[in-house]
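The structure under discussion appears below in the form of structure tokens.
A short reminder: the numbers here are calculations on the coordinates, not readings from a lab. Source: prediction; values computed, not measured. Note that we place each Cβ from the backbone using ideal geometry, even for glycine, and neighbour counts take in every protein chain shown.
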Amino acid sequence: MQSAPEIDRILNTRVTRSTAESLLINGNSTSPVKIGKHKYLIHNTCPFDSVSAIVTMAYIDNPRYKQFINDSENSFLKFCKNLAINGTSIKSYCDRGTLLKTIFTENTGIQALNL
């Protein structure tokens, strides 16, 4: 099988090349995060992390998506914008926990940690 020059050209175009370190580590592999005065263990974040990565890459790679996200007040889109601009940090994992906490109860993936 030979490479197709037109596909190589598209893949190597700067506009379609994401370079930011904006991938989240799954909650199963991370330490507890502090949200407010409590620490939480967050499990099974693959679906959230996957969608976040897709939206973040769209923000980086596509001017139309970037404009749409910039104009939006949606907290998830703001989260993805922050990932695109700043990459991952401790704050990213706390923000992910805060977003997930609004969706799930503590016994379905987010657990309070009493130390």
Original post:
Of the residues that make up region 31-51, is at least one in contact (Cβ under 8 Å) with a residue 60 or more places away in the chain, hydrophobic (A, V, I, L, M, F, W, C) and in contact with a Cys (Cβ under 8 Å, 6 or more places away or on another chain)?
Top reply: yes
Original post:
Of the numbered conditions (1) of a type outside the set (Asp, Glu); (2) over 16 Å from LEU23 (Cβ atoms); (3) in contact with a Phe, Trp or Tyr (Cβ under 7 Å, 6 or more places away or on another chain), TYR40 satisfies every one except a single condition; which is it?
Top reply: (3)
Original post:
Mind checking whether some residue in region 58-77 is free of Cβ contacts under 8 Å to residues at least 24 places away in the same chain, under 12 Å from GLY27 (Cβ atoms) and exposed (fewer than 15 other Cβ atoms within 10 Å of the Cβ)?
Top reply: no
